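Reviewing the structure listed below.
Readers should treat all values here as calculations from the given coordinates under stated rules, not as data from a laboratory. Not measured: the values here are computed from a predicted model. Neighbour counts are summed over all protein chains in view; Cβ atoms, including those assigned to glycine, are modelled from backbone coordinates with ideal geometry.
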Ligand code: HH2
């Protein structure tokens, strides 16, 4: 059956919990590299309120080098397989490679989260379409190795919006159904602190423009550390949870339908409280 985001985030926004099976992710690299630890972490995220689990085997932090497909497959497939069988929530695979997406979908994933929006390996669109899976098209300026070098836009919201509209059209042309599509401005992917803040400030404009559910991933990212830091520099990654929650509440209150977070508890509680307040008027 074709994937429909409405089943995940139609009635209320969804919390996507991050399972990084990597040695080098920017906030939790190495913690869940062992498959058993990754699966246990996925279970904990669901217990904390995650509605979707996003399993990734390649860090996309600024400056990261690509991971060979066979290594990414080795990291991701067993974890996807175990979580798809037992977690009780949809599992997404965070990859830009068609063969990794294909294997993860075979192993039980039902969503492909593609931070390249089909630019790195265009076959990923056909693979997603053939499986009837959900698809997240994210904006990134160039590639992870160089994206933070000197990011420039005429108007960051217009430029990111135009990119997403074009990439969603490419996904449709690749056969992905309308209900399976979601879009993501790619917070931190080739953006200055100010550009990230402007994307969040003008989120409703972007949401109107793309016309599909929008996912926002701010969790522990550098712009939070930069805003909250002091004379000594950025607030370190392990102290960005409260700041993350502020951005999650903002994103949900400004129309995001999915938030991607490392710690699901606060985001899930925020989503429930926002819904309770919104219906009490
Ligand atoms: N952010 C990261 C990775 N994947 N996918 C989407 N759709 N949106 C995001 O904002 C996003 C993403 C970066 O976070 P993380 O996975 O923790 O880091 P790393 O890439 O270093 O593994």
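Adding -39500 (n - 2.57) for every DSSP H run of four residues or longer, then dividing by how many residues the chain holds, sets the calculated 222 nm ellipticity at -13500 deg cm²/dmol. The range 199-253 and the range 18-47 have Cα centres lying 21 Å from one another.
Computed from the Cβ-Cβ distance with R0 of 25 Å, the FRET efficiency linking residue 37 to residue 275 stands at 0.15. For the range 6-280, relative contact order (Cα pairs under 8 Å, six or more residues apart, normalised by length) works out to 19 percent.
With contacts taken as Cα pairs under 8 Å and at least 6 residues apart, the range 20-132 reaches a relative contact order of 22 percent. Taking every alpha-carbon pair under 8 Å whose residues sit at least 6 apart, the range 177-261 reaches a relative contact order of 34 percent. Taking the DSSP bridge list for the range 6-280 and keeping only pairs wholly inside it, about 5 percent are antiparallel. Neighbour counts of other Cβ atoms within 10 Å put 25, 59 in the fewest-to-most order 59, 25. Sorting 189, 223, 120 by the number of Cβ atoms found within 10 Å of their own Cβ, with the fewest placed first, yields 120, 223, 189.
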